[in-house]
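Please read the structure below before turning to the comments.
Laboratory data are not the source of any read-out in this text; all were calculated from the coordinates shown. It should be emphasised that the depicted structure is a prediction, and the values quoted were computed from it without experimental measurement. Glycine gets a Cβ as well: all are built from the backbone with ideal geometry, and neighbour counts include every protein chain shown.
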Amino acid sequence: MKNRYLLSVILVCCSIFVFVSCKKEPHKGKYTGSFQGVYHTSANNTTTFTSYYSFQIEKSTAKEIVIEEMEHQTISTLKKQNDSIVGIIGFGNVYSPTGAKGLTMNLIKIRGISYLQGQKSYIEGTFEGDVYLETGKSYLSTGTFVLSEK
């Protein structure tokens, strides 16, 4: 009787360990991305921004995520290890505080994590990249992002 109880406890513990240690990959499908950041054009001039974009995760494995930014159809491959994600997301002409044409942030480096909350997948973390202005000057932009499954 004691042996059966002990065996049952061991099996339950092992099952919980296996369940917790198995990392869930972000689901393939449509995501909304929210990016909040800042860049400084001088010591006295700081611009903050929030931007939203649509994404599609085309492929999601234990080692990589292939993601497409839908408006400009740029495809990027991010590296994945456990729940950590790093890489570069490509964009085209994505940030304009005044609505002017020619302002572009082409690439951003991201570092983040993926997780499931309920039935939805999320990727969140930090980013950095250059903001290019019409004047030809560029400024380092940094911030945070959240990609949430639709």
Take the Cβ-Cβ distance between Gln36 and Ala62 as r, set R0 to 35 Å, and report the resulting FRET efficiency rounded to the nearest 0.05.
0.75
Hey, with R₀ at 22 Å, roughly what FRET efficiency would Tyr52 and Lys120 work out to, going by the Cβ-Cβ distance, to 0.05?
0.85
FRET efficiency estimate (nearest 0.05) - Cβ-Cβ, Ala43 to Ser138, R0 22 angstrom:
0.80
Structure shown: which of Lys30/Lys137; Lys63/Lys137; Lys80/Lys150; Lys80/Lys137; Lys28/Lys137 lie over 28 Å apart, alpha-carbon to alpha-carbon?
Lys30/Lys137; Lys63/Lys137; Lys80/Lys137; Lys28/Lys137
Name all residues of the stretch 49-80 having a backbone nitrogen under 19 Å from the label point set 7 Å from the Cα of Ser148 along its Cα→Cβ direction, giving them as ranges.
49-57, 70
